[in-house]
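Chemist: To start, I am sharing the structure in question, which I have written as structure tokens.
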Amino acid sequence: ATVMASGWDMISPLIDQFCGSVTIPIEAALLAGRVPAGYRRRFAFMDWPHFDSKFWDGLLADAAKAIVSDIPTIIGSDRDAGAIRAAQANAERAGVAGCVEFSGRPISAIDPPPGPGWVVTNPPYGVRVSKTNDLRNLYAQFGKVMRGKCPGWRVTMICDRVQFIRNTGLDFDKGIPTMNGGLKVRLVRSLVKLRIENLSE
């Protein structure tokens, strides 16, 4: 839902630099590849006495004809090496390991492909981090990197605090209120404008 709400055209590059377990890049790869929801899943109804496996296999075969392998660049990065290892394993299980590029690096070191493109991300907030961890600088750095390295790109972000959104310095819209993991959050979107800054500060 986050990827779809971002308005991603499924042609331009997409980056999630707080990828964690890589949910957003996986879903982006499935959408761009036209893989139907649940295509690789096993469902409980398959164990029902009158389940028609031949009919089901025929549906899967028809769906397979629409799947494409030529998809745009999708990058999942995270500074946590353990998260990247988990992300690679999750992408493998989802069948899109070859469609997502993984990178273990902080946000200040991202190397976006030629754009414009989309940044779609779910950065740390709320109960996902320690109460003593001040994230204002992280969000400020995120906005700074976006302006310096991704001018002309579109940014979609999920966050639970208006202050964190403001700390980015990006001109986000009012967004969409929703729930994520039991938390009230807001999905916000912005078009990054060019602003000259010293990223080494």
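Chemist: Using label points projected 7 Å from each Cα along Cα→Cβ, tell me how many nm separate A64 and K174, to one decimal.
Modeler: Result for the modelled spin labels: 4.8 nm.
Chemist: To the nearest 10 square angstrom, what accessible area does K144 show with a 1.4 Å probe?
Modeler: Taking all protein chains as shown, K144 has close to 30 Å².
Chemist: Fully extended, how many nm does the chain gain between K184 and D52 (0.36 nm per residue separation, minus their Cα-Cα distance)?
Modeler: Working: separation 132, 0.36 × 132 = 47.52 nm, distance 4.15 nm.
Length gained between K184 and D52: 43.4 nm.
Chemist: In addition: Quick one: how many lysine pairs in the chain have C-alpha atoms under 23 angstrom apart, if they're 8 or more apart or on different chains?
Modeler: Here the count comes out as 7.
Chemist: Right, something else. In the range 61-168, what percent of the accessible surface is made up of carbon and sulfur (1.4 Å probe, ligands and nucleic acids excluded)?
Modeler: Values: 2600 of 5460 Å².
So the carbon and sulfur contribution to the accessible surface is 48 percent.
Chemist: Starting from 0.36 nm per residue, how many nanometres of slack lie between T73 and R85 once their C-alpha separation is accounted for? Write out the running numbers ahead of the final one.
Modeler: Working: separation 12, 0.36 × 12 = 4.32 nm, distance 1.95 nm.
Contour length minus Cα-Cα distance gives 2.4 nm.
Chemist: By the gyration tensor of its Cα atoms, with a ≥ b ≥ c the square roots of the eigenvalues, what is the shape of the range 29-84: rounded for a/c under 1.5, prolate for a/b over b/c, or oblate? Numbers along the way, then the final one.
Modeler: On the way: a/c = 5.62, a/b = 1.78, b/c = 3.16.
Taking the square roots of the gyration eigenvalues as a ≥ b ≥ c, the range 29-84 is oblate.
Chemist: Using a 1.4 angstrom probe with every protein chain in place, what is the largest-first accessible-area order of C19, C99?
Modeler: Working: C19 10, C99 45 Å².
Putting C19, C99 in descending order of accessible area: C99, C19.
Chemist: Along the Cα→Cβ direction, 7 angstrom out, place labels at F43 and V162. What is the inter-label distance in nm?
Modeler: 4.3
Chemist: Above 19 Å lies some portion of the pair distances; for the chain, what is it as a whole percent of all C-alpha pairs? Walk me through the numbers before you get to the answer.
Modeler: Values: 12727 of 20100 pairs.
Value for the chain (Cα pairs over 19 Å): 63 percent.
Chemist: Then there's this: Between the helical axis of 23-32 and the dominant principal axis of the chain, each derived from Cα atoms, what acute angle in degrees is found, rounded to the nearest 10?
Modeler: 60
Chemist: Can you tell me how the range 1-58 classifies by the Cα gyration tensor, rounded, prolate or oblate, using a/c under 1.5 as the rounded cut? Could you put the intermediate results ahead of the total?
Modeler: Values: a/c = 3.74, a/b = 2.40, b/c = 1.56.
Prolate.
Chemist: Would you mind getting me the FRET efficiency between L31 and R136? Use the beta-carbon distance for r and R0 = 35 Å, nearest 0.05. Can you show the working numbers first?
Modeler: Numbers: r = 33 Å, r/R0 = 0.93.
The calculated FRET efficiency here is 0.60.
Chemist: Report the antiparallel proportion of the DSSP beta bridges in the chain as a percent, rounded to a multiple of 5.
Modeler: Values: 11 of 24 bridges.
So the antiparallel bridges amount to about 45 percent of the total.
Chemist: Identify which of P124, P72, P49 has the largest mean-square fluctuation in a Gaussian network model of the chain, with springs joining Cα atoms closer than 10 Å.
Modeler: So, out of P124, P72, P49, the one fluctuating most is P49.
Chemist: Are there any chymotrypsin sites (Phe, Trp or Tyr not before Pro) in the range 1-67 that are in a DSSP loop and have at most 10 other Cβ atoms within 10 Å? List them by number.
Modeler: On the way: sites: W8, F18, Y39, F43, F45, F51, F55, W56; in loops: W8, F18, Y39, F43, F51.
Those satisfying the criteria are F43.
Chemist: Pick from D111, D62, D160: which is most flexible by mean-square fluctuation in a GNM of the chain where alpha carbon atoms under 10 Å apart are linked?
Modeler: Of the options given, D62 has the highest mean-square fluctuation.
Chemist: While we're on this one: At 1.4 Å probe size, with every protein chain present, just tell me what the per residue accessible area of the range 77-152 comes to in Å².
Modeler: Per residue, the range 77-152 has an accessible area of 51 Å².
Chemist: Restricting to DSSP loop positions (anything but H, G, I, E, B) with no more than 16 other Cβ atoms inside 10 Å of their own Cβ, which trypsin sites (Lys or Arg not before Pro) remain in the range 47-84?
Modeler: Working: sites: K54, K65, R79; in loops: K65, R79.
Here the trypsin sites (Lys or Arg not before Pro) that fit, given the DSSP loop and packing criteria, are K65, R79.
The values are calculated or read from the model by the stated rules, or taken from the named source; none is laboratory data. These figures come from a predicted structure and were not determined experimentally. When we count neighbours, we look across all protein chains shown, and the Cβ atoms used for this are built from the backbone with ideal geometry, even at glycine. For accessibility, only protein heavy atoms count, side chains too; no ligands or nucleic acids. Shrake-Rupley method; radii C 1.70, N 1.55, O 1.52, S 1.80 Å.
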